[in-house]
Amino acid sequence: MTFNEGADLDTSQVRSGGSSRTGVAIGGGAGGIILLIIGLLLGVNPFEQGGTSSAFDPSQIQQAGTSELDLSQCKTGADANRDDVCRVVGTVNSVQDYWREALPADANRQYRDAYTVIYSGQTQSACGTASNAVGPFYCPTDEQVYIDASFFDDLTSRYGADGGALAQMYVVAHEYGHHVQNILGVLQYAQQDRQGATSGAVRVELMADCLAGVWANHASTTEDADGTTLIQPLTEADIESALSAAAAVGDDRIQESTTGRVNPESWTHGSSEQRQRWFMTGYESGNLNSCDTLSAQQL
Ligand SMILES: [Zn+2]
């Protein structure tokens, strides 16, 4: 168990999205697998760059979710311990509680709250259509995180992360790392230099892993507005779970499993070893200033 059972969850930071078209047949064949990987690799903006807002219809953002996305079920930490969707709610609460305090203190920047849209099937973002073929991402245009409710099954069954809670929470914290980068004004380095072992994209992604680690360091001491801590002290097993997820989405591991060879020239997120190491850099330091991957000589 990770969440304190009696702590209150705040569902106002999360929206339930999605359409009833959950039967979209994606993910069966090789094409589906490639789409899924592209989405997961491009955690900043999986769609065409430039994010034209003309394709954006805000009226589609908040469609009624299916019953599995009923956020009213997510009331306490006990709910976050038993249910994936409620665990996203609790993680978003904790991550935002942390950055609201830390960003002004450590970087002299004001934090802006960002919604997470949890959806089933597909939903619209300002960056294009989000679907279960894409994987979790942060859209800088509308400043929202998009997570398909079925992704966490994929994280374990397709990518091989262990089933621990912190594996899932790392993914959420990584996406909020991109929101922090957006506030800091460094997110654009990913789009200026999109692939390669030392590219801007890889540096931005490894920084997001590091920022997830920074939050993890403070997770059990971060208080909500009522002075309640949501998360219990992390165990070694928790950290192992986060590291298993970081390794699972490493470029080298994904390339190896899909094409049988590793090609650093097309990396966008960094290797499994790099993703684990930068998560641990943030976790051990607990300070975002340790996450300067943009000027790091050694990635
Ligand atoms: Zn990312």
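The values are calculated or read from the model by the stated rules, or taken from the named source; none is laboratory data. Only a predicted model underlies this, so the values are computations on that prediction, with no experimental measurement involved. Here the Cβ positions follow ideal geometry from the backbone for every residue, glycine too, while neighbour counts run over all protein chains shown.
Data table
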item: Flag for Tyr159 being away from the ligand (no atom under 13 Å from the Cβ) and either of a type outside the set (Asp, Glu) or outside any helix (DSSP H, G or I) (or both); result: yes
item: For Ala149: the one exception among (1) out of contact with any Leu (no Cβ under 7 Å at 6 or more places or on another chain); (2) at pLDDT below 95; result: (1)
item: Qualifying residue in the range 265-276 (condition: closer than 23 Å to Gly160 by Cα, aromatic (Phe, Trp, Tyr) and either away from the ligand (no atom under 16 Å from the Cβ) or surrounded by fewer than 14 Cβ atoms within 10 Å (Cβ to Cβ) (or both)); result: no
item: Number of the condition not met by Asp224 [criteria: (1) at pLDDT 95 or above; (2) more than 16 Å from the ligand (Cβ to nearest atom)]; result: (1)
item: Extreme residue, nearest to Cys86 (Cα to Cα), among residues of the range 135-161 that are hydroxyl-bearing (Ser, Thr, Tyr) and in contact (Cβ under 8 Å) with a residue 24 or more places away in the chain; result: Ser150
item: Failed item in (1) in contact with a strand residue (DSSP E or B) (Cβ under 8 Å, 6 or more places away or on another chain); (2) modelled with pLDDT under 90; (3) of a type outside the set (A, V, I, L, M, F, W, C), with Tyr176 passing the rest; result: (2)
item: The one condition in (1) over 15 Å from Asp209 (Cβ atoms); (2) touching a residue at least 40 places away in the same chain (Cβ under 8 Å); (3) surrounded by 20 or more Cβ atoms within 10 Å (Cβ to Cβ) that Ile183 fails to fulfil; result: (3)
item: Hits in the range 88-111 (condition: more than 16 Å from Thr222 (Cα to Cα) and part of a helix (DSSP H, G or I)); result: Val88, Ala107
item: Residue among Glu284, Glu256 that alone is without any contact (Cβ under 8 Å) to a residue 40 or more places away in the chain and either within 16 Å of the ligand (Cβ to nearest atom) or on the phi < 0 side of the Ramachandran plot (or both); result: Glu256
item: Cross-chain or 6+ apart pairs with Cβ under 9 Å, the range 260-272 first and without any contact (Cβ under 8 Å) to a residue 12 or more places away in the chain, then within 15 Å of the ligand (Cβ to nearest atom) and outside any loop (DSSP other than H, G, I, E, B); result: Val262/Asp251; Asn263/Asp251
item: Conditions (1) in a strand (DSSP E or B); (2) surrounded by fewer than 22 Cβ atoms within 10 Å (Cβ to Cβ); number of the one not met by Tyr138; result: (2)
